Amino acid sequence: MAGTGPVTRRSPDEIRNSIESNRMELAVSLDRLRGEVAELTDWRAHLQRHRGQVLAGAAVVGFVLGVRMLRRRRR
């Protein structure tokens, strides 16, 4: 291949060490990702953190549904 620069030769031990290092880094990254996914998908924790907003939203939805039901009964 033209323009790729000089080829560096690595010993089999260097290659094995590099592969093991990459494997360990990947394991750490995967564990971190699992933790972040678990945190982001924990809906109970979201409800606890935003209890006021959830209650206000539920009150608004209840009010709107109540008004709609009353209007339908009048017809």
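Any idea of the accessible area per residue across the chain, 1.4 Å probe, to the nearest Å²? Walk me through the numbers on the way to the answer.
Values: 7500 Å² over 75 residues.
Per residue, the chain has an accessible area of 100 Å².
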Nearest 10 degrees, 0 to 90: helix 51-74 Cα axis against the chain principal axis: 40 degrees
Within the set of other residues whose C-beta is less than 14 Å from the C-beta of Val64, count the net charge using Lys and Arg as +1 and Asp and Glu as -1. +3
Residue by residue through region 24-39, the couplings from Karplus 6.51 cos²θ - 1.76 cosθ + 1.60 with θ = phi - 60°, in Hz, x for Gly and Pro, are 5, 4, 5, 4, 5, 5, 5, 4, 4, 5, 4, x, 5, 5, 4, 5
Report the rotationally averaged projected area of region 6-75 based on its alpha-carbon convex hull, in square nanometres. 10.3 nm²
Would you calculate a helix-derived [θ] at 222 nm for the chain, using -39,500 (n - 2.57) for each DSSP H run of n ≥ 4 and dividing by the full residue count, to the nearest 500? -27500 deg cm²/dmol
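The values are calculated or read from the model by the stated rules, or taken from the named source; none is laboratory data. Here the structure is a predicted model, which is why all the values come from computation and not from measurement. We place every Cβ from the backbone using ideal geometry, glycine too, and count neighbours over all the protein chains shown. Only protein heavy atoms, including side chains, enter the accessible area calculation; ligands, DNA and RNA are left aside. Shrake-Rupley method; radii C 1.70, N 1.55, O 1.52, S 1.80 Å.
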